């Protein structure tokens, strides 16, 4: 089988940030790398789970909600894939992610979709961990621009 695009990225050189992983037709896949790959520090399951609920809820309620295809965690627990239609510019995508992460950093209250009837693993959430991860990534993305979206060789 062919190696998929994400396995061809040198994970030893990959740093925290936001990158364009691939473009398929009108769908852009963003790699939001929140932890250094193979660095020994990963998102905890609870923080990853909570982050996913808040990330998906925020972007699916944003001004570009009809352009959102998917938000999902990476199995390696180093970040998320975020798929948008290309009607959303790279600059808009970066701004959306920054706004979303500020929302997560400041979130208080009941985690959306965290009740037993709404979630297949409702007991495994970590809001403080999600907030900490969001705050960390906001510092990484503070001055991020479209020029930064390319993986560095």
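Just so it is clear, none of the values below were taken in a lab; they were calculated from the coordinates. Not measured: the values here are computed from a predicted model. Counting neighbours? That spans all protein chains shown, and the Cβs are built from the backbone with ideal geometry, glycine included.
Cα axis of helix 90-106 to longest principal axis of the chain: angle in degrees, 0 to 90, nearest 10?
Once rounded, one gets 30 degrees.
For the chain, what is the relative contact order in percent, using Cα pairs closer than 8 Å and at least 6 residues apart in sequence?
30
What does the highest-first list of 52-63, 11-22 look like by mean Cβ count within 10 Å?
Listed from highest to lowest mean packing, they are 52-63, 11-22.
Helix 127-141 versus the longest principal axis of the chain: what angle, 0 to 90°, nearest 10, using Cα atoms?
The angle comes out at about 30 degrees.
Going by average Cβ density within 10 Å per residue, which order do the peptides 135-144, 91-100 take, highest to lowest?
91-100, 135-144
Quick one: Cα centre-to-centre distance for the range 102-146 and the range 22-58, in angstrom?
Centre-to-centre distance over Cα atoms comes out at 11 Å.
Please report 33, 85 as a ranked list, fewest other C-beta atoms within 10 angstrom at the top and most at the bottom.
85, 33
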